[in-house]
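The values are calculated or read from the model by the stated rules, or taken from the named source; none is laboratory data. Keep in mind the model is a prediction, meaning the values are calculated, not measured. Every residue, glycine as well, gets a Cβ built from its backbone with ideal geometry; the counts of neighbours run over all protein chains shown. Quick note on the areas: whole protein, heavy atoms, side chains included, nothing else; ligands and nucleic acids left out. Shrake-Rupley method; radii C 1.70, N 1.55, O 1.52, S 1.80 Å.
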Amino acid sequence: MASKIPITVAHGDGIGPEIMNATLRILEAAGASLDLDTIEIGEKVYLRGNTAGIAPSAWDSLRRTKVFLKAPITTPQGGGFKSLNVTTRKTLGLYANVRPCVSYHPFVQTRHEKMDVVIVRENEEDLYAGIEYRLTNNEVECIKLISRPGSEKIVRYAFEYAKQHNRKKVTCFTKDNIMKMTDGLFHKVFDEIAAEYPDIQNEHWIVDIGAAKMADTPEAFDVIVMPNLYGDILSDVAAQIAGSVGLAGSANIGDRCAMFEAIHGSAPRRANQNLANPSGLLLGAVLMLVHIDQPEAAERVHNGWLKTLEEGVHTYDVYTEGQSKQKVGTKEFADAVIARMGKTPQTLKAAKYSHRQPRQAGKAATAQAAPRTQLVGIDLFLEWPSRDPNQLAQALRKVNVDGLPLSIISNRGLKVWPDGIPETFCTDSFRCRFAGKQQDATVTQRQVIALLQTMADAGFDVVKTEALRNFDGKPGYTLSQGE
Ligand code: NAD
């Protein structure tokens with residue numbers, strides 16, 4: 001018997017307590033060796049005036065056990081309440097969201113009989129860093145951040161997951177034909193790390209056509225790794241088209257802590273009626289058992305559950321007249337799984353888990369000197385209510401700093417001066433690029449300060465600046481469209 005692993009459990013709101021009780025009973029019957037510590041989260045905590053929905057003392061438990069099995073919660077209506085999931089994810093550094101999306105044909109209705117895709121979504125970066133600004137009267141922006149260490153962690157996690165679970169291929173989705181620097185970095189890191197796993201196939205798709213292919217032919221994919229935004233959207237699409245939204249579990253993994261849950265919410269209208277399907281949370285718990293290295297228990301639970309599904313014992317949400325054999329409530333469904341513990345499914349693919357293999361360490365980065373950086377210009381963002389770039393260029397003639405001339409003006413990324421055309425629509429937010437005549441002519445901070453001083457003297461409101469820097473001689477910025 002494995003030594004008991006401490007885990008933190010929260011029963012949540014709505015159907016949460018019922019599905020958690022069912023799940024815990026099944027885990028116990030499977031011989032999972034757990035030492036439970038229960039915390040309170042969700043609606044009651046929010047309504048006591050705690051805007052995070054989790055009491056400070058609960059963090060002590062989470063920091064001690066580092067493993068969190070969480071039932072869904074209800075976020076009260078009205079503003080001011082922070083998403084508990086986002087808080088937990090950020091506080092505990094849970095950078096990977098893992099969601100297996102599987103169809104269970106012919107026992108659960110699905111459009112895709114052979115779907116078995118795992119979405120690995122980056123959880124901390126991208127447009128979700130929450131860095132947004134109102135630039136002008138008419139324009140706002142959101143900054144998309146992609147870091148090399150953040151990309152390395154998630155891509156390596158996807159390959160390690162594939163290795164541990166005997167998956168054959170890892171696919172990467174990005175839009176690096178447009179976002180050459182941000183998505184380009186994610187793709188580059190993917191290619192570098194893929195080379196360290198020669199036994200696992202790898203491929204990259206542009207996210208739009210990749211998403212279309214996934215929705216149409218999901219059996220062409222195995223594990224798919226993506227930056228945050230694409231992963232958020234496509235993990236829901238994948239779960240939905242598998243036909244298993246109510247059956248899907250997910251894991252949020254960090255270097256030190258991990259959280260496991262169902263992907264559905266607290267379904268308050270179904271609460272306290274012994275109706276809810278505990279499968280999503282149960283499959284979340286299976287991911288947890290694999291994570292805490294109890295693969296035998298994970299296999300018993302998963303296969304007993306598959307066998308129950310296969311034998312037509314279904315809760316109301318997946319019950320189909322003519323196909324299902326018995327409609328059961330939450331408790332009876334748990335009993336049915338427990339009764340089938342140790343059995344394996346006949347038609348559905350049996351689950352097979354092995355003990356955790358040591359994680360492959362990343363190739364030690366060869367000590368590289370930090371790149372040589374060189375300031376070559378500055379972008380100044382201005383509000384210009386008349387929205388006429390030629391008039392703006394005319395006004396900017398008053399601004400003159402030696403060695404730092406105005407080179408282009410762009411609007412929403414498109415070059416509109418010099419040589420713009422009147423047909424182009426402009427907003428009130430312009431980017432004015434000041435750079436040396438030669439692309440690699442060094443500009444000093446003093447020149448930039450002098451430029452800003454002249455701008456202020458001439459009455460311009462600069463709303464934002466971005467330095468144009470070369471890294472080892474290569475531009476660390478993109479050209480404008482049309483430049
Ligand atoms: P929901 O997922 O709770 O319910 C959507 C539909 O699916 C409902 O018709 C419900 O009856 C059904 N359903 C969901 N889970 C089921 C299950 N296990 N068995 C049977 N039927 C099930 O989504 P919602 O109604 O939009 O949200 C309800 C509450 O849940 C909201 O307060 C929301 O904020 C919260 N929520 C929490 C989480 C979480 O804690 N991770 C996630 C999503 C939503």
For the chain, dividing by residue count, accessible area per residue (probe 1.4 Å) in Å² works out to 48 Å²
From the Cα centre of segment 149-208 to that of segment 450-468, the distance in Å is 41 Å
Given backbone amide H placed at 1.01 Å from N, residues whose amide H is under 5 Å from that of residue 172, ignoring those fewer than 5 places away on the same chain, are 203, 204, 205, 225
Bridge orientation stat for the chain from DSSP, antiparallel percent rounded to 5, came to 60 percent
With x for Gly and Pro, the residue-by-residue ³J(HN,Hα) of segment 82-94, computed from phi through the Karplus equation 6.51 cos²θ - 1.76 cosθ + 1.60 at θ = phi - 60° and given in whole Hz, is 8, 5, 5, 5, 5, 4, 5, 4, 6, 5, 8, x, 8
Applied in sequence order to segment 471-482, the curve 6.51 cos²θ - 1.76 cosθ + 1.60 (Karplus, θ = phi - 60°) yields integer Hz couplings, x standing for Gly and Pro, of 10, 6, x, 9, x, x, 7, 9, 7, 6, 5, x
Per its Cα gyration tensor (rounded if a/c is under 1.5, else prolate when a/b beats b/c, else oblate), segment 312-417 is best filed as oblate
Residue-ordered couplings for segment 205-211, obtained by feeding phi - 60° into the Karplus form 6.51 cos²θ - 1.76 cosθ + 1.60 and rounding to whole Hz (Gly and Pro as x), are 10, 5, 4, 5, 6, x, 5
Carbon and sulfur atoms account, in whole percent of the 1.4 Å probe accessible area of the chain, for 50 percent
The pairs in 114/213; 114/363; 44/82; 66/343; 4/363; 90/169 lying past 24 Å Cα-Cα in this model are 114/363; 66/343; 4/363; 90/169
Charge dipole of segment 5-339 built from unit charges on the beta carbon (Lys, Arg +1; Asp, Glu -1), centred at mean Cα; most positive-end Cα among 263, 221, 109 is 263
Over the chain, the sum of -39500 (n - 2.57) across DSSP H runs of at least four, divided by residue number and rounded to 500 deg cm²/dmol, gives at 222 nm -9500 deg cm²/dmol
